[in-house]
Amino acid sequence: SGSEHSDLILKGKKIVVTAGGTIERIDPVRYITNDSSGKMGAALAQAARDLGAKVKLIVGKIQIPLPEGIDTIRVESAEEMYEACLNEWSDTDMLIMSAAIADYRPKSSSPRKIKKSGETMALELVKTVDVLQTLGTQKEKQFLIGFAAETHDLDTYAAEKLQRKNCDLLVANDVTQEGAGFGSDTNIVRLFGPEGRIADLPKQSKYDTARDILLEASRRMYRGAS
Ligand code: CTP
Ligand code: CA
């Protein structure tokens, strides 16, 4: 769609992409994480670079090699991801939050390996910072793209997340579908804007999905800025 005018549509724009899962430490040898592969985020970074953008990739735990030739910052926790995003924030034109950030972290992380003791052990968790929601309240020129992976009531949750996090675009996928979700090489996504559902993208490679997302986002970003 629109490929005849899309060659370097993001030339000169600074795009920050977050990818992968976060690691929330329990002690020096144990942590909480999730199954995020980082593939969608890596594809977004590559597609944005191919559309001419200056790309910063902020990655947590990923299960693929880091994409080559992309300026990358490695982080571990939700807190570190927030700090890295905040560092880039002032001159960022577009922030794409494809990372799977943990919702909770251990209330305290032990500097020493926790020794085995009783028959049961409780781990108290506290909420992490919501990176997208926090930056959403500080939005100036930044075009914000959020993600939502859902197993049910996709449309309702997607619309609610877009509003709550002050996003300009939200990319939702039903992870119960074959060919979508964590680890897959393809994706099937539905795009939402502030006005509601925009489009259903076909099942295609994560790179092609990324490119379609970026083309829709650029059209909206330039429309908003003009
Ligand atoms: N997100 C974030 N910081 C968090 C949690 C999520 O920035 N601590 C971002 C994700 O990167 C994603 C969007 O918010 O772009 C939606 O994440 P999701 O997990 O679907 O939403 P939550 O608000 O955490 O709600 P829930 O997990 O209950 O569905
Ligand atoms: Ca979550």
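Residue under question is VAL75, and the condition is that it be β-branched (Val, Ile, Thr) and within 13 Å of ligand 1 (Cβ to nearest atom); does it hold? In short, yes.
Run down LYS54, LYS115 and say which single residue is over 15 Å from the mean Cα position of the chain (by Cα), more than 12 Å from ligand 1 (Cβ to nearest atom), farther than 11 Å from VAL16 by Cβ and basic (Lys, Arg). Working first, answer last.
Working: LYS54 fails: farther than 11 Å from VAL16 by Cβ.
Step by step, each of LYS54, LYS115 is checked, and only LYS115 is over 15 Å from the mean Cα position of the chain (by Cα), more than 12 Å from ligand 1 (Cβ to nearest atom), farther than 11 Å from VAL16 by Cβ and basic (Lys, Arg).
Only residues that are among the charged types (D, E, K, R) and under 21 Å from GLN163 (Cβ atoms): list them for segment 103-141, please. Write out each step before concluding.
Step one: of segment 103-141, the residues among the charged types (D, E, K, R) are 103, 105, 107, 112-113, 115-116, 119, 124, 127, 130, 139-141.
Once the filter is applied, which keeps residues that are among the charged types (D, E, K, R) and under 21 Å from GLN163 (Cβ atoms), segment 103-141 yields ASP103, LYS127, ASP130, LYS139, GLU140, LYS141.
Within segment 131-145, identify whether any single residue is surrounded by 15 or more Cβ atoms within 10 Å (Cβ to Cβ), in a loop (DSSP other than H, G, I, E, B) and not basic (Lys, Arg), and answer yes or no. Within segment 131-145, one or more residues are surrounded by 15 or more Cβ atoms within 10 Å (Cβ to Cβ), in a loop (DSSP other than H, G, I, E, B) and not basic (Lys, Arg). Going through segment 146-195 one residue at a time, which ones are in a loop (DSSP other than H, G, I, E, B), within 16 Å of ligand 2 (Cβ to nearest atom) and within 18 Å of ALA217 (Cβ to Cβ)? If the condition is that a residue be in a loop (DSSP other than H, G, I, E, B), within 16 Å of ligand 2 (Cβ to nearest atom) and within 18 Å of ALA217 (Cβ to Cβ), then LYS165, CYS167 are the ones that fit. Pairs are defined by a Cβ separation below 6 Å, a sequence spacing of at least 6 or placement on different chains, a first member in segment 46-64 that is at positive phi and modelled with pLDDT under 95, and a second member that is in a helix (DSSP H, G or I) and surrounded by fewer than 24 Cβ atoms within 10 Å (Cβ to Cβ); no pair meets this definition.
Once segment 86-113 is narrowed to residues that are in a loop (DSSP other than H, G, I, E, B), touching a residue at least 40 places away in the same chain (Cβ under 8 Å) and of a type outside the set (D, E, K, R), the residue that is farthest from ligand 2 (Cβ to nearest atom) is PRO111.
Out of segment 8-34, which residues are of a type outside the set (Gly, Ala, Ser) and within 15 Å of VAL59 (Cβ to Cβ)? Quick ask: steps written out before the conclusion?
Within segment 8-34, the subset of a type outside the set (Gly, Ala, Ser) is 8-11, 13-18, 22-34.
Within segment 8-34, ILE15, VAL16, VAL17, THR18, THR22, ILE23, THR33, ASN34 qualify.
Could you please give the count of residues in segment 32-45 that are among the polar types (S, T, N, Q) and under 12 Å from THR209 (Cβ atoms)?
Taking segment 32-45 as the starting set, the residues that turn out to be among the polar types (S, T, N, Q) are 33-34, 36-37.
From the residues that got through so far, the ones that are under 12 Å from THR209 (Cβ atoms) too are none.
Qualifying residue count, segment 32-45: 0.
Determine whether LEU123 is in contact (Cβ under 8 Å) with a residue 60 or more places away in the chain and either more than 15 Å from ligand 2 (Cβ to nearest atom) or within 30 Å of LEU215 (Cβ to Cβ) (or both). Answer is yes for this residue.
The values are calculated or read from the model by the stated rules, or taken from the named source; none is laboratory data. Because the structure is a prediction, the values reported are computed rather than measured. Positions of Cβ are generated from backbone atoms using ideal geometry, with glycine treated the same way; all protein chains shown enter the neighbour counts.
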